[in-house]
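Note sheet for the following structure.
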C-alpha cells in the first residue's frame, strides 16, 4: 500500500498540520478524526488495514487529517468564543487548504467524500453541507449532528451555523440545496449498542427527508457498540457495496 506523509503551516490554525495519504488512485475519502485524536488515528486502530484491498486496487485514495478539537470544544479552559472561532478556522482549513491539496494529488474531477466516526461524523457532515460545491458526499458513522452536545450549554450564532441539526431545517439557499441534493452519497450509520445513539441518526435523517435530500440511514443491532470494532466492519462494507 502506498503511504505518504505531508505537512504545511496553516496560518488559519497557527500550526503545522500533517496529513497522511494512502493509495494511488480512486475517489478521495477524507477521514476526520474522532474527538481529540490525530491524523494517524485511523491507521493506529487498524481501520486503514481493513481498507487496503480497496486502496491497492485503486478504488479509493484515502486522506487523513489532524483534529483541532483539543484546541476548540475539548479545551476546557478556553473561552467559548475562541472555541467557535477555532471551529470555523478548521472549516476554512479543510475547504481552502486540504481540498486543493487533494486536487493536486488527483484530477480536478475526482469526487471527495468526507468520512468520520463519533465527533468526526459531525465534522464530516458539516463540512459537506457547508460546501457541497467542493465536497461530493459524506459517510458519517456513529455521530450526533447537534453541536450543542459538545458545547457545555453554550450556544451562539456560530454554534448554530456549525450544528447541522439546527441550521439545515432553515437552509433556504436554493443553489446550495440543489448541490446537496445532487449527491448520491449521504450515508448515516449507527449501531444500537453501548454508547451509540441511533435516534440521533434517525432525527437527522428526518431533516434530510424534509428538505428533499436523498440519503441512506443504516442502523445496525445492539451488538454494534460505539467503538473501533464497529467502524472497522462498517467502512470496508460500505466501500464494497455503496461505491
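Can you tell me which residue in segment 151-173 is farthest from residue 208 (Cα to Cα), limited to those that are free of Cβ contacts under 8 Å to residues at least 60 places away in the same chain, under 17 Å from the mean Cα position of the chain (by Cα) and assigned to a loop (DSSP other than H, G, I, E, B)?
In this case the residue turns out to be 161.
If a residue counts only when it is over 21 Å from residue 135 (Cα atoms) and touching a strand residue (DSSP E or B) at 6+ places or on another chain (Cβ under 9 Å), which strands (runs of 3 or more DSSP E) contained entirely in segment 1-69 have at least 1 such residues?
So the answer is 3-10, 15-22.
Filtering segment 135-150 down to residues that are over 13 Å from the mean Cα position of the chain (by Cα) and buried (at least 19 other Cβ atoms within 10 Å of the Cβ), which residue is farthest from residue 179 (Cα to Cα)?
150
Based on what the data block shows, is residue 184 farther than 27 Å from residue 72 by Cβ and either touching a helix residue (DSSP H, G or I) at 6+ places or on another chain (Cβ under 9 Å) or not in a helix (DSSP H, G or I) (or both)?
Here the answer is yes, as residue 184 does meet what is asked.
So in segment 99-126, with the set limited to residues that are surrounded by fewer than 24 Cβ atoms within 10 Å (Cβ to Cβ) and assigned to a helix (DSSP H, G or I), which one is farthest from the chain's Cα centre (by Cα)?
104
Quick check: anything in segment 66-85 surrounded by fewer than 18 Cβ atoms within 10 Å (Cβ to Cβ), under 23 Å from residue 235 (Cβ atoms), free of Cβ contacts under 8 Å to residues at least 40 places away in the same chain and more than 16 Å from the chain's Cα centre (by Cα)?
No, that holds for no residue.
Computed from the coordinates by the stated procedures, all read-outs in this text should not be read as laboratory data. Everything numeric here is computed off the predicted structure, so don't read it as measured data. Cβ: placed from backbone, ideal geometry, glycine included. Neighbour counts: every protein chain shown.
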